[in-house]
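Here the structure comes first, spelled out in structure tokens, and everything after it is commentary.
The numbers here are math on the coordinates, done by the rules we state, and not lab data. The structure displayed is predicted, hence computed values, not measured ones. Positions of Cβ are generated from backbone atoms using ideal geometry, with glycine treated the same way; all protein chains shown enter the neighbour counts.
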Protein chains: 2
Amino acid sequence: MAKPPKENSPITEHLAYLLAQANREINRQLELRLSKEGVPVEQWRILKVLSDGNGHSMGELADAVLLNHPTLTKMIDRMVSDTLVYRVQDPKDRRKVLMFISDRGKALCRRLNSLAVSQEEHIVESYGGKSTNELKRLLESLIGSAN
Amino acid sequence: MAKPPKENSPITEHLAYLLAQANREINRQLELRLSKEGVPVEQWRILKVLSDGNGHSMGELADAVLLNHPTLTKMIDRMVSDTLVYRVQDPKDRRKVLMFISDRGKALCRRLNSLAVSQEEHIVESYGGKSTNELKRLLESLIGSAN
DNA sequence: CGCCAATCCTTGAATATTCAATATTCTCAA
DNA sequence: TTGAGAATATTGAATATTCAAGGATTGGCG
């Protein structure tokens, strides 16, 4: 029943490869939609996480949006220049920087959400709602078991 | 039944995000294993595709290993320096370059396969063989429906 | 045939990411 | 209380990726 690939199996039978392939394709599609607003996928993730209105530290944010710390710092620099987000030093722990979303960021985030939702609707249409939900459930469980 | 996320849903409910997260985690684990041989995941993919012994053009290879053409060209440059693969101009169509794996590349590929298989066995152990197979099936089907 | 557009790969410049080191602040135990 | 070590974020240099352009070859149509 449990059946990992043999050593001479084609690469397409490896879970790691299938995940990379699916991720690449779905991400490419999403990127294409978000390009209407000239925003990379990572910035949408950042805005979405911050749109709860709470302050999030850089470390917390880096984990949440799947970016390394230095990469996030530089991306946040750009977003601050674009006045989408702003930094506030955490008064409780001054090593930390709390990130907040601006009004402009919120407005952009709403437009991006709408693009992202429309993409997922498109996937559900061609792939099926049942498959989509089942896939999400399995992915969540995989992520859970990997930690 | 079909239930795409609402616009205010957390990002963790988006398929695109779950795929990115799972891919990142599994890839990180695989990278860690392959680092015993000092080889990035992409080079393992290249060697694995070429290990059928046939010549593969750069374009074909780029698609198969999920890399853009210029990135592949530069990675192949390094692998040629390491004498893992070699280039041959396609006699049928001299615009093309056919890539072949060397004996040294084959030997390395065998060691890498063993590391990769052991990773997937580890996943099957903690995640379950049934879930793994079901997830693979769904991913294949998603990739199919996205093209 | 001869030419023009398309295909294939590579290159170089611009951009982005990563690694290692640094600065700052906090924690906690001596 | 203070000093060593941990945690947090940023920076700069090294590395890698991407974008746009170029050179070579082919296919096909006038």
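Calculate, in nm to one decimal, what B:GLU7 and B:THR73 gain on full extension: separation in residues at 0.36 nm each, minus their alpha carbon distance.
Numbers: separation 66, 0.36 × 66 = 23.76 nm, distance 4.08 nm.
Result: 19.7 nm gained on full extension.
Using R₀ = 30 Å, calculate the FRET efficiency as 1/(1 + (r/R₀)^6) where r is the Cβ-Cβ separation of B:PHE100 and A:HIS122; round to 0.05.
On the way: r = 41 Å, r/R0 = 1.35.
Plugging the Cβ-Cβ distance into 1/(1 + (r/R0)^6) gives 0.15.
Measure off 7 Å from each Cα along the Cα-to-Cβ vector at B:GLU60 and A:GLU60, then give the distance between these two points in nanometres to one decimal.
Calculated label separation equals 5.2 nm.
Once the label point is placed 7 Å from Cα along Cβ, list for B:GLY144 the distances to the corresponding points in the other copies, in nm, shortest first.
2.8
Measuring from a point 7 Å out along Cα→Cβ, what nm distances, shortest first, does B:GLU42 have to its partners in the other copies?
Relative to the other copies, B:GLU42 has label-point distances of 1.6 nm.
For B:ASP52 and B:SER114, FRET efficiency with R0 = 25 Å and r from the beta-carbon atoms, rounded to 0.05? Intermediate values should be presented prior to the final figure.
Values: r = 18 Å, r/R0 = 0.72.
My answer for the efficiency is 0.85.
For chain A, what are the DSSP H helices with axial Cα length of 20 Å or more and mean Kyte-Doolittle hydropathy of at least 1.6?
On the way: long enough: A:15-34 (28 Å, -0.16); A:103-127 (36 Å, -0.61); A:129-145 (24 Å, -0.41).
Qualifying helices, which must be both long enough and hydrophobic enough, do not occur.
Please give the charge dipole size of chain A, origin at the Cα centre, charges +1 on K and R Cβ atoms and -1 on D and E Cβ atoms. Round to the nearest 20 debye. Please report the intermediate quantities before stating the final value.
On the way: 22 positive and 19 negative charges, 61 e Å.
The dipole magnitude comes to about 300 debye.
As a check on your grasp of the helix formula, calculate [θ] at 222 nm for the protein assembly as shown: sum -39500 (n - 2.57) over DSSP H runs of n ≥ 4, divide by the residue count, round to the nearest 500. Each step should come with its number before you reach the end.
On the way: 12 runs with 186 residues, N = 294.
The per-residue figure over the protein assembly as shown is -21000 deg cm²/dmol.
Work out the mean other chain Cβ neighbour count within 10 Å for the residues of B:45-58 and drop it here as an integer. Don't jump to the answer; show the numbers that get you there.
Values: counts 5, 1, 1, 8, 3, 0, 3, 2, 0, 0, 0, 0, 0, 0.
For this peptide, the per-residue mean of nearby foreign Cβ atoms is 2.
Between copies, how close do the B:ASP90 label points come, placed 7 Å along Cα→Cβ, listed in nm from shortest?
The projected label point of B:ASP90 is separated from its counterparts by 5.5 nm.
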